[in-house]
Amino acid sequence: MNTILKNVRLNGEITDIIIKDGLIDEIGKTDAPGKDMNGLKVYPGLIDIHSHGALGVDTMDCTLEKIAKYQLAHGITTYYPTTMTMSEEEIVAATEQKTDFEGGAYIPGFHIEGPFINVERKGAQNEKYIVKPTLDVFKKYKNAKLITIAPEVEGAIDFIKECDAVVCIGHSSADYEKS
């Protein structure tokens, strides 16, 4: 499907954007008819790497479609649904849910927040499910691309060295030297 956006403001100039199959194919003035954008500015899509949900729906509810559509409607073209510190089974279920929705933000993977965090800095995370970091557990989380971990907890440094996901420090008491 092709779309032509006429009269958009890009880098201060008025131009047209031709979109083919959902991707920008060409930028420049064209005589072809299209949707007149009346000089609206064009911005790159935002990427949200930490989103638990929206509109009363949470990643852990295993219903991402509503969130993905909300994100895209608000300028977020890519997002990582973020889990909570819950049981291993609940996190596995959350990471196994469908992630491709027509009219929704692109979901390249999941952000696992916990369960490998410092109990003293748990915040809203459920202490009952905080566990020692292990790759065996982490590998059960399908399509996990980011992980929030406290580097000072037992086993964290070895986990970080071996983990193939992007590691984020959070819910941590680590000082500068430790992190």
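The values are calculated or read from the model by the stated rules, or taken from the named source; none is laboratory data. Here the structure is a predicted model, which is why all the values come from computation and not from measurement. Cβ coordinates were reconstructed from backbone atoms using ideal geometry, including for glycine residues, and neighbour counts include every protein chain displayed. Each accessible area value is taken on the protein alone, full model and side chains, heavy atoms only, with ligands, DNA and RNA left out. Shrake-Rupley method; radii C 1.70, N 1.55, O 1.52, S 1.80 Å.
Take Tyr43 and tell me if it is over 28 Å from Ser172 (Cα atoms), under 13 Å from the mean Cα position of the chain (by Cα) and either open to solvent by 80 Å² or more (accessible area, probe 1.4 Å) or touching a residue at least 60 places away in the same chain (Cβ under 8 Å) (or both).
no
Among the residues of segment 81-109, write down those that are closer than 23 Å to Pro44 by Cβ and crowded, with 23+ Cβ neighbours inside 10 Å.
Residues satisfying the conditions are Pro81, Ala105.
Given the condition open to solvent by 60 Å² or more (accessible area, probe 1.4 Å) and under 28 Å from Ala73 (Cα atoms), answer yes or no: does some residue in segment 127-139 qualify?
No, that holds for no residue.
Only residues that are closer than 19 Å to Cys62 by Cβ and under 19 Å from the mean Cα position of the chain (by Cα): list them for segment 126-145, please.
Lys140, Tyr141, Lys142, Asn143, Ala144, Lys145
Considering only residues of segment 140-179 that are of a type in the set (Asp, Glu) and open to solvent by 60 Å² or more (accessible area, probe 1.4 Å), which is farthest from Ala94 (Cα to Cα)?
Glu177
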